[in-house]
Amino acid sequence: MVGVQRRILPGFGLSLGFTLAYLSLIVLIPLSAVFLKTATMSAGALWEAISAPRVVATYRLSFGASLLAAAVNVVFGLMLAWSLVRYSFPGRKLVDALIDLPFALPTAVAGISLTALYAKNGWLGQYLEPLGIKIAFTPTGVLVALIFIGLPFVVRTVQPVLEDLEAEVEEAAASLGASRWQTVIRVVLPALLPALLTGFALAFARAVGEYGSVIFIAGNLPMVSEITPLIIITKLEQYDYAGATAVASVMLVFSFVLLLLINLLQEWTRRSARKVS
Amino acid sequence: MAGASGTLDLRGRSASARFEENPATRDNPWARRIILATSLAFFALFLVMPLAAVFVEALRRGLSVYVAALTEPDALSAIKLTLIVAAVSVPMNLVFGIAAAWAITKFDFKGKQFLITLIDLPFSVSPVIAGLVFVLVFGAQGWFGPWLRENDIKVIFAVPGIVLATVFVTFPFVARELIPLMQAQGTEEEEAALTLGATGWQMFRRVTLPNIKWALLYGVILCNARAMGEFGAVSVVSGHIRGLTNTMPLHVEILYNEYQFAAAFAVASLLALLALLTLALKSYIEWRTAQQGTVGDTP
Amino acid sequence: MSIAVRDITKRFGPFTALDGVSLDFAPGKLIALLGPSGCGKTTLLRIIAGLEWADSGRVLLGDQDASDRHVRERQVGFVFQHYALFRHMTVFENVAFGLRVKPRVARPSEAQIRKRVDDLLELVQLGWLASRYPTQLSGGQRQRIALARALAVEPRVLLLDEPFGALDAQVRKELRGWLRRLHSELHLTSIFVTHDQDEALDVADEIVLMNKGRVEQVGAAQDVYETPATEFACSFLGAVNRFPGRIRGDELELAGDWLPVVAHGIGEGEKAIALARPHELQILSIDSAGPGLRARVERVLINGPVARIELKGETILNGTGSYPTFEAEVPRDRLGGLDLKVGKHVRLSANRLRAFPYQSL
């Protein structure tokens with residue numbers, strides 16, 4: 001109903017017009033450039049660009065490590081959220097505030113810092129190396145970086161749902177004779193499932209596109225520890241704009257599908273939160 | 001990224017004591033110990049240690065090296081450029097955030113939900129692609145490349161490109177803090193102001209703005225942290241010209257790749273301090289709004 | 001100042017909120033816009049205020065056509081259902097707001113503002129709360145502050161949207177009397193929206209009864225109650241007993257029985273529905289002669305000075321397919337004479353029965 005209808009509060013035309021213009025100029029038109037550029041490629045060239053073995057190896061690493069990192073974060077993120085909501089312990093407020101560190105810390109800083117920790121002579125690396133565990137400059141390093149940047153997503157989606165969970169539900173389960181373990185498994189976790197899945201999807205989506213924190217620790221060996229965003233940059237530096245854009249459009253399509261999925265998950269989280277409370 | 005970065009929570013954190021004293025919600029002491037120990041160990045390993053490492057590595061070679069790393073001309077110009085980029089891109093997204101939230105929350109129109117999704121879009125795009133799109137539009141081979149070259153305007157590998165990429169990646173921060181809050185606040189107060197004779201501007205400045213100031217500040221702080229710390233997108237469009245198009249995160253990368261670790265960590269420590277300041281302010285605002293939400297809230 | 005609306009129509013998508021509404025509100029009156037939720041009463045109030053634009057029709061304030069005037073220029077005082085107090089301002093600043101946003105030339109001095117706000121807070125008897133914030137007030141206090149704020153700009157009319165809707169029963173009752181008294185002091189033309197017929201009857205000089213976007217009846221409160229114009233008006237303004245039947249002269253024929261009825265505008269032999277309020281029913285002995293229906297006492301409830309009697313009819317009435325239930329009210333002191341016990345058979349009549357054209361549901 002944009003248009004003819006008169007409105008009482010002022011500024012509708014101005015604010016919506018500005019919003020749409022700014023959104024188009026900064027986001028939509030530049031993003032469309034990726035697809036328009038890709039569309040000018042021949043199907044053969046496009047296929048070659050996005051299915052070269054070295055590129056496919058990056059998909060495998062980016063998606064594989066991101067899935068694994070998100071899964072690790074679901075487990076530990078849930079435990080952290082549980083500790084923050086259900087237990088009182090000294091320093092709880094500080095822990096709560098620091099959970100968002102990966103949002104606030106520039107990715108390059110996280111990258112060099114993680115590398116310093118896990119390199120051969122680093123704080124942790126010096127103990128792990130003799131055990132035969134190599135982390136920095138291997139795919140495991142990529143995983144470590146992606147766990148770091150994905151952690152707050154799971155904690156921050158689960159935490160509010162856990163807080164809103166009424167104690168009465170658990171009281172009811174207990175009064176019906178359920179053991180604590182049964183209550184948690186059958187009553188509490190199902191209520192948290194939508195939030196856990198949302199957190200997983202958010203952490204996964206972020207990890208797939210992550211660049212800064214990964215490239216320092218990854219070692220960036222072709223076919224081994226090279227991530228998809230890096231291959232885009234590599235192609236750009238070789239002035240292979242078409243190739244870079246082709247890979248970018250694969251990632252974009254994937255991101256949009258994931259965004260759609262996340263929106264559906266969040267809708268589900270909201271609805272089930274209402275149902276439970 | 002949609003839903004994350006913690007939208008401003010007005011309820012305040014509930015006391016965990018409520019669960020610990022209730023026999024129906026109390027966990028077995030051993031389960032409690034294991035969960036707490038595991039989660040805190042994970043927290044220490046993945047969050048505390050990387051943070052501590054930044055400062056320890058920065059000071060490893062002594063204070064004089066630290067100070068020298070921060071005061072050499074290239075570092076200073078990187079700091080200056082980072083401040084300029086934030087000073088331009090944050091206000092742009094601030095104005096946009098207010099306009100978008102105003103249109104979305106105070107009026108009804110078709111496609112509103114879709115518009116909200118589009119506003120969140122930049123969070124789901126890889127920073128590298130955020131940089132790439134501007135290369136495709138303004139780069140030498142891009143849409144406006146030839147025209148820009150003829151008119152001797154540099155966007156890519158220059159400050160305008162860095163600003164654009166930064167605006168892109170920080171695009172949703174302010175809007176997404178304001179939208180849920182203003183939705184919850186409704187339009188009655190603004191209508192009341194109008195019935196009392198206020199003009200549109202008076203209504204906005206005296207009623208709307210004071211009501212959203214904390215959420216606005218919250219969005220600005222998060223937006224600023226990301227603007228100053230952005231690496232991937234900026235790295236694509238900057239060209240890494242020392243002293244000219246290097247922001248602080250890019251300067252960190254260069255120093256690190258040149259094996260000047262102490263200097264790299266020195267600059268990184270400034271960014272880490274910024275992150276800590278951001279978290280502190282964020283916690284303060286959450287505490288403030290939680291206070292306001294509960295003070296004498298007895299109808 | 002008088003208020004009038006002419007032929008107001010307002011649609012929200014496919015839903016017609018107001019369908020050609022025309023009304024005149026006399027100056028100085030306190031008027032209730034009464035009706036069930038969704039009847040368009042709030043929309044009408046907001047259109048008068050200028051908070052909503054009508055699709056067609058005119059709004060007249062005094063002798064001015066205000067239809068195209070912005071809410072800011074209409075000089076109406078509007079009290080919102082949820083008060084809409086500015087949460088970041090003190091009570092004092094809330095009330096002062098309308099004075100502070102006046103153009104510089106018309107703006108009173110700081111001293112005048114202070115005086116005016118203090119006077120208004122005195123008027124609503126809340127001067128001691130001046131430095132509090134809205135969240136620190138009770139619902140009733142917030143409502144009174146909202147009213148003081150609306151009065152600060154010396155509005156030409158006062159519009160109140162469900163002014164007592166969000167309050168609990170006790171406070172609601174108090175505020176009703178208070179609003180009545182305030183109105184008699186100020187004599188400001190005031191319209192308030194309510195869905196509560198008791199509230200309308202209790203407070204208003206005049207009631208505008210609305211249903212489905214149309215005006216059902218307009219009149220003095222007592223008149224609307226006593227002589228409802230339509231079946232809806234009758235049943236909305238209080239509990240009623242229904243008697244579906246057929247008109248025969250001055251009688252309503254009810255499946256063999258009959259009751260006396262006032263039937264204007266309904267033709268001989270036509271179907272009609274007759275309504276009587278609980279206190280208008282008469283309970284007679286089963287053997288008594290004259291009009292009435294056979295019924296059985298189901299329950300007797302004594303509630304203060306009035307006894308409520310639930311009865312079940314023993315004849316199936318036209319088009320209902322089941323035995324009807326009735327509710328009668330009898331003064332408690334007359335209860336003894338009737339000797340009512342559960343299960344007792346009685347004859348039920350009505351000393352006043354209003355017939356309306358039958359509408360199949």
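The values are calculated or read from the model by the stated rules, or taken from the named source; none is laboratory data. Remember, predicted model here, so these are calculated numbers, not experimental data. A quick note on method: Cβ atoms are made from the backbone with ideal geometry, for glycine too, and the neighbour counts reach across all protein chains shown. All accessible areas refer to the heavy atoms of the entire protein, side chains included, with ligands and DNA or RNA removed. Shrake-Rupley method; radii C 1.70, N 1.55, O 1.52, S 1.80 Å.
Please enumerate the residues belonging to the stretch C:108-118 that are over 38 Å from the mean Cα position of the chain (by Cα) and not acidic (D, E).
Selection gives C:P108, C:S109, C:A111, C:Q112.
Looking at the stretch B:144-171 only, could you name the residues that are among the polar types (S, T, N, Q) and not in a helix (DSSP H, G or I)?
Once the filter is applied, which keeps residues that are among the polar types (S, T, N, Q) and not in a helix (DSSP H, G or I), the stretch B:144-171 yields B:N151, B:T170.
Among the residues of the stretch B:175-204, write down those that are closer than 19 Å to C:A150 by Cα, surrounded by 18 or more Cβ atoms within 10 Å (Cβ to Cβ) and among the charged types (D, E, K, R).
B:E189, B:E190, B:E191
Of the residues C:A166, C:A146, only one is within 27 Å of the chain's Cα centre (by Cα), closer than 20 Å to C:V203 by Cα, within 12 Å of chain B (Cβ to nearest Cβ) and surrounded by 19 or more Cβ atoms within 10 Å (Cβ to Cβ); which?
C:A146
Among what's in the stretch C:264-307 and is assigned to a loop (DSSP other than H, G, I, E, B) and open to solvent by 70 Å² or more (accessible area, probe 1.4 Å), pick the residue that is nearest to C:H345 (Cα to Cα).
Restricting to residues being assigned to a loop (DSSP other than H, G, I, E, B) and open to solvent by 70 Å² or more (accessible area, probe 1.4 Å), the top hit is C:D287.
Go through the stretch A:216-229 and give me each residue that's touching a residue at least 40 places away in the same chain (Cβ under 8 Å) and open to solvent by 20 Å² or more (accessible area, probe 1.4 Å).
Of everything in the stretch A:216-229, those that are touching a residue at least 40 places away in the same chain (Cβ under 8 Å) and open to solvent by 20 Å² or more (accessible area, probe 1.4 Å) turn out to be A:G219, A:L221, A:P222, A:M223, A:V224.
Report yes if some residue within the stretch B:118-129 is under 20 Å from A:L14 (Cα atoms) and either hydroxyl-bearing (S, T, Y) or open to solvent by less than 10 Å² (accessible area, probe 1.4 Å) (or both); otherwise report no.
The answer is yes, given that some residue of the stretch B:118-129 is under 20 Å from A:L14 (Cα atoms) and either hydroxyl-bearing (S, T, Y) or open to solvent by less than 10 Å² (accessible area, probe 1.4 Å) (or both).
I'd like the residue in the stretch B:46-71 that is touching a residue at least 12 places away in the same chain (Cβ under 8 Å) and within 16 Å of B:N246 (Cα to Cα) and, out of all such residues, is surrounded by the most Cβ atoms within 10 Å (Cβ to Cβ).
That would be B:A69.
A:R54 is checked against (1) open to solvent by less than 40 Å² (accessible area, probe 1.4 Å); (2) touching an Asp or Glu at 6+ places or on another chain (Cβ under 9 Å); (3) touching a residue at least 12 places away in the same chain (Cβ under 8 Å) and fails just one. What number does that condition carry?
(1)
Residue-wise test of (1) open to solvent by less than 30 Å² (accessible area, probe 1.4 Å); (2) at the interface with chain A (Cβ under 8 Å from one of its Cβ atoms); (3) touching a residue at least 12 places away in the same chain (Cβ under 8 Å); (4) in contact with a strand residue (DSSP E or B) (Cβ under 8 Å, 6 or more places away or on another chain).
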| site | (1), (2), (3), (4) |
| --- | --- |
| B:T208 | yes, no, yes, no |
| B:N224 | no, no, yes, no |
| B:A233 | yes, no, yes, no |
| B:G239 | no, no, yes, no |
| B:A266 | yes, no, yes, no |
| B:L271 | yes, yes, yes, no |
| B:L277 | no, no, no, no |
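Scan (1) under 23 Å from C:R74 (Cα atoms); (2) buried (at least 16 other Cβ atoms within 10 Å of the Cβ) for the single condition C:V105 breaks and write down its number.
Looking at each condition in turn, C:V105 falls short on (2).
Quick check: is even one residue across the stretch C:24-46 in contact with a strand residue (DSSP E or B) (Cβ under 6 Å, 6 or more places away or on another chain), without any contact (Cβ under 8 Å) to a residue 24 or more places away in the chain and closer than 20 Å to C:A221 by Cβ?
The answer is yes; a qualifying residue exists.
If we scan the stretch A:27-37, do we find a residue that is open to solvent by 40 Å² or more (accessible area, probe 1.4 Å), in contact with a Leu (Cβ under 8 Å, 6 or more places away or on another chain) and free of Cβ contacts under 8 Å to residues at least 40 places away in the same chain?
yes
Determine if the stretch B:5-14 includes at least one residue that is at pLDDT 80 or above and assigned to a loop (DSSP other than H, G, I, E, B).
no
Of the residues A:I262, A:I215, which single one is closer than 19 Å to B:P127 by Cβ and at pLDDT below 90?
A:I262
When you look at B:G219, is it closer than 22 Å to B:A165 by Cα, within 11 Å of chain A (Cβ to nearest Cβ), in contact (Cβ under 8 Å) with a residue 24 or more places away in the chain and open to solvent by less than 30 Å² (accessible area, probe 1.4 Å), yes or no?
no
Looking only at the stretch C:310-361, which residues are under 30 Å from the mean Cα position of the chain (by Cα), over 24 Å from C:D250 (Cβ atoms) and in a strand (DSSP E or B)?
Within the stretch C:310-361, C:E310, C:L311, C:T325, C:E327, C:E329, C:V330, C:P331 meet the criteria.
Of the residues B:F134, B:F138, which is within 8 Å of chain A (Cβ to nearest Cβ), of a type in the set (F, W, Y) and over 17 Å from B:P180 (Cα atoms)?
On inspection, the qualifying residue turns out to be B:F134.
Return the pairs, sorted by first residue and then second, in which the second residue is among the acidic types (D, E), the first residue lies in the stretch A:150-178 and is buried (at least 24 other Cβ atoms within 10 Å of the Cβ), the beta carbons are less than 7 Å apart, and the residues are 6+ apart or on different chains.
From residues that are buried (at least 24 other Cβ atoms within 10 Å of the Cβ), the pairs are A:P152/A:D100.
Each row is one residue, and each column tells you yes or no for (1) at pLDDT below 90; (2) closer than 23 Å to C:P228 by Cβ; (3) touching a Leu at 6+ places or on another chain (Cβ under 8 Å).
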{"position": "C:T9", "(1), (2), (3)": "no, no, yes"}
{"position": "C:D19", "(1), (2), (3)": "no, yes, no"}
{"position": "C:D24", "(1), (2), (3)": "no, yes, no"}
{"position": "C:S56", "(1), (2), (3)": "no, no, no"}
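Between A:T234, A:T198, A:T183, A:T245, which is in contact (Cβ under 8 Å) with a residue 12 or more places away in the chain, surrounded by fewer than 23 Cβ atoms within 10 Å (Cβ to Cβ) and in a helix (DSSP H, G or I)?
Unique residue meeting the criteria: A:T183.
Residue by residue through the stretch A:78-92, note down the ones that are more than 7 Å from chain B (Cβ to nearest Cβ) and outside any helix (DSSP H, G or I).
A:P90, A:G91 - these are the residues of the stretch A:78-92 that are more than 7 Å from chain B (Cβ to nearest Cβ) and outside any helix (DSSP H, G or I).
Within the stretch A:144-172, track down each residue that is more than 8 Å from chain B (Cβ to nearest Cβ) and polar (S, T, N, Q).
Of everything in the stretch A:144-172, just one residue is more than 8 Å from chain B (Cβ to nearest Cβ) and polar (S, T, N, Q), namely A:Q159.
Quick check on this structure: which one of C:E216, C:E199, C:E174, C:E162 is acidic (D, E) and over 21 Å from C:G38 (Cβ atoms)?
Of the residues listed, the single one that is acidic (D, E) and over 21 Å from C:G38 (Cβ atoms) is C:E174.
Name the residue that is most open to solvent (accessible area, probe 1.4 Å), counting only residues in the stretch C:226-263 that are part of a loop (DSSP other than H, G, I, E, B) and under 16 Å from C:P291 (Cβ atoms).
Ranking the candidates gives C:D250 first.
Quick one: A:V95 ticks every box in (1) facing another protein chain (nearest Cβ under 8 Å); (2) open to solvent by 30 Å² or more (accessible area, probe 1.4 Å); (3) more than 20 Å from the chain's Cα centre (by Cα) except a single one, so which number is it?
(2)
Taking only pairs six or more apart or across chains, which ones have beta-carbon atoms under 8 Å, a first residue in the stretch B:99-112 that is at pLDDT 95 or above and surrounded by fewer than 19 Cβ atoms within 10 Å (Cβ to Cβ), and a second residue that is of a type in the set (A, V, I, L, M, F, W, C) and not in a helix (DSSP H, G or I)?
Once the first residue is at pLDDT 95 or above and surrounded by fewer than 19 Cβ atoms within 10 Å (Cβ to Cβ) and sits in the stretch B:99-112, no partner that is of a type in the set (A, V, I, L, M, F, W, C) and not in a helix (DSSP H, G or I) comes close enough.
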